[in-house]
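Enquirer: Next up is a structure, given as structure tokens.
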Amino acid sequence: MNMNRAKTLFLELLSAAIWERTADSQLFESVDGNLWEQVCELAIDQKVVALIFDGVLSLPAELHPEKKIIFKLHLQSESIKRTNNRINNVLKKLSAEYEKLGCPFVLLKGPANAFFYPNPLHRTTGDIDAFLYQKGDYQKANNWARSKGLEIEPENIHHQAFKYEGVLIENHKWVSYFGIRKFDKLLEQKVDEINASNEFLSIDIDGVEVKTLPHEFNAFFLFQHIFHHFIHLGVGIRQLCDWVLFFDRYSSLMDKDAFMRLAIEFELLYGMQIFASVAVKYLGANPSIFPFAINTEDEYVDMVMDDIFSGGSFGYAIFQNKRFRTSLHRKWYSFRYSSKRLRRIHKIAPSHTANLPLNKVMTNIKILFK
């Protein structure tokens, strides 16, 4: 991998932040303003500004960037904290409203991921994903949103999104989807089994108790979410941090055999090993937290790290400075980009990439006729 100095500094600061250690001072000697600006741009692209600021503050004061950069990082970090507090407050209100409806939900990603960061308020977040697991509750919750006159988006394949007090809420009728019939049926079966045996766990987020997926399935689901975005457009380093920090927090509590069965059944084990190896090589993750072999010399490890940097958060950097005449034009650009990148990533999970262009077309057709 062609690692320039800005990327090296960025990764060191991020690693220091997520593992609560001091950044290596020697790397930051004689860093000029231009180089610090490059590090800041990477932090913005990857949605980890507050974490990078944490890493900067771990350095001796004489190695800090100039005041205008410190001020910029501070302001953006405070904005992220305010947003997280607002989202947590909305989560409390939504939980209370859904409880009145008799619609318990499982919190997916978002604030549930922030829970296992050193400072949960420093994880950049954006929405609340609520999986309505009881029969009929998905429609009931959507009807509640309509009755409140909330701004509702067109329904997606597996969720309905709307704005509630300025925060995007996604009501999920399924935990997730692959767009591949075999895996979607298997996923539905696994979730039904969890539901039938009431294996959901719970965590306390800022005073509200919310349900979460069981550890083994959550670790699988978080990776599936990463990989879904990776094969379509790309994924950012924040999503990798989510998955790795989840393992760091809960690895000792997991049934490793149960997790490995999921990884193998869904044919994602090799992909998991690559992303975990990226985390070990570039973020300083401890290999022992993962229940499978790590190989930082695998041919795809550097390629995945390069892809993370080039794509930004969720791969959206590919749309920067692009102008599209219509939404269809944008979709066509996305389709061509996804199809082209398959040549590089196909072998990571062949069963998930072989028919990706067709799956994208069919998914868009299904959405069109909703």
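The values are calculated or read from the model by the stated rules, or taken from the named source; none is laboratory data. Every value quoted in this text rests on a predicted model; they were computed, and no experiment measured them. All Cβ positions, glycine included, derive from the backbone under ideal geometry; neighbour counts span all protein chains shown. To get the accessible areas, we keep the full protein, side chains included, count just its heavy atoms, and leave off ligands, DNA and RNA. Shrake-Rupley method; radii C 1.70, N 1.55, O 1.52, S 1.80 Å.
Enquirer: Just one of (1) in a helix (DSSP H, G or I); (2) open to solvent by 20 Å² or more (accessible area, probe 1.4 Å) trips up Glu20, so point out which.
Expert: Every listed condition holds for Glu20 apart from (1).
Enquirer: I need the full set of residues from the range 143-162 which are part of a loop (DSSP other than H, G, I, E, B) and among the β-branched types (Val, Ile, Thr), in order please. Walk me through it before giving the result.
Expert: We begin by selecting, within the range 143-162, every residue part of a loop (DSSP other than H, G, I, E, B); these are 148-150, 153-158.
Scanning the range 143-162 gives a single hit, Ile157.
Enquirer: OK, next. Pairs please, first residue from the range 246-262 and charged (D, E, K, R), second anywhere and in a helix (DSSP H, G or I), Cβ atoms under 7 Å, 6+ apart in sequence or on different chains.
Expert: From residues that are charged (D, E, K, R), the pairs are Asp248/Ile289; Asp255/Glu216.
Enquirer: Return yes or no: is Leu42 within 18 Å of Gln239 (Cβ to Cβ) and either assigned to a helix (DSSP H, G or I) or in contact with a Phe, Trp or Tyr (Cβ under 6 Å, 6 or more places away or on another chain) (or both)? Spell out the reasoning first.
Expert: Working: within 18 Å of Gln239 (Cβ to Cβ): yes; either assigned to a helix (DSSP H, G or I) or in contact with a Phe, Trp or Tyr (Cβ under 6 Å, 6 or more places away or on another chain) (or both): yes.
Yes.
Enquirer: For the range 176-197, how many residues are among the small types (Gly, Ala, Ser) and surrounded by 14 or more Cβ atoms within 10 Å (Cβ to Cβ)?
Expert: 2
Enquirer: Now, a different point. Give me the residue from the range 332-358 that is loosely packed, with under 14 Cβ neighbours inside 10 Å and among the basic types (Lys, Arg) and, out of that set, modelled with the highest pLDDT.
Expert: Lys347
Enquirer: A further question follows. One residue is enough: does the range 198-219 have a residue meeting the conditions part of a helix (DSSP H, G or I), surrounded by 21 or more Cβ atoms within 10 Å (Cβ to Cβ) and under 14 Å from the mean Cα position of the chain (by Cα)?
Expert: Within the range 198-219, one or more residues are part of a helix (DSSP H, G or I), surrounded by 21 or more Cβ atoms within 10 Å (Cβ to Cβ) and under 14 Å from the mean Cα position of the chain (by Cα).
Enquirer: So which of Glu29, Glu12, Glu41 is among the charged types (D, E, K, R), surrounded by 15 or more Cβ atoms within 10 Å (Cβ to Cβ) and free of Cβ contacts under 8 Å to residues at least 60 places away in the same chain? Walk me through how you get there before you give the answer.
Expert: Numbers: Glu29 fails: surrounded by 15 or more Cβ atoms within 10 Å (Cβ to Cβ); Glu41 fails: surrounded by 15 or more Cβ atoms within 10 Å (Cβ to Cβ).
Selected residue: Glu12, the only one of Glu29, Glu12, Glu41 that is among the charged types (D, E, K, R), surrounded by 15 or more Cβ atoms within 10 Å (Cβ to Cβ) and free of Cβ contacts under 8 Å to residues at least 60 places away in the same chain.
Enquirer: Okay, moving on. Scan the range 272-285 and report the pairs whose first residue is among the β-branched types (Val, Ile, Thr) and whose second residue is open to solvent by 10 Å² or more (accessible area, probe 1.4 Å), with Cβ atoms within less than 7 Å and a gap of 6+ or a chain change.
Expert: Pairs found: Ile274/Asp298; Ile274/Tyr300; Val280/Pro287; Val280/Ile294; Val280/Thr296.
Enquirer: Could I ask something else about it? Could you check the range 223-238 and list, in sequence order, the residues that are within 21 Å of Gly284 (Cα to Cα) and open to solvent by 10 Å² or more (accessible area, probe 1.4 Å)?
Expert: Hit for the range 223-238 is Arg238, nothing else.
Enquirer: Counting only residues that are acidic (Asp, Glu) and part of a helix (DSSP H, G or I), which one in the range 84-132 is farthest from Leu201 (Cα to Cα)?
Expert: So in the range 84-132, the residues acidic (Asp, Glu) come out as 97, 99, 127, 129.
After this cut, where a residue has to be part of a helix (DSSP H, G or I) as well, the list is 97, 99.
On the way: Glu97: 21, Glu99: 17 Å.
Step by step, filter the range 84-132, then rank; the result is Glu97.
Enquirer: Ok, one more. Just to verify a result, which residue in the range 45-91, among those that are free of Cβ contacts under 8 Å to residues at least 24 places away in the same chain and among the acidic types (Asp, Glu), is least open to solvent (accessible area, probe 1.4 Å)?
Expert: By that ranking, first place goes to Glu78.
Enquirer: Just give me the residues in the range 262-283 being open to solvent by 50 Å² or more (accessible area, probe 1.4 Å) and touching a helix residue (DSSP H, G or I) at 6+ places or on another chain (Cβ under 9 Å), in sequence order.
Expert: Filtering the range 262-283 for residues open to solvent by 50 Å² or more (accessible area, probe 1.4 Å) gives 264-265, 267, 270, 281.
Once the filter is applied, which keeps residues that are open to solvent by 50 Å² or more (accessible area, probe 1.4 Å) and touching a helix residue (DSSP H, G or I) at 6+ places or on another chain (Cβ under 9 Å), the range 262-283 yields Glu265, Glu267, Tyr270, Lys281.
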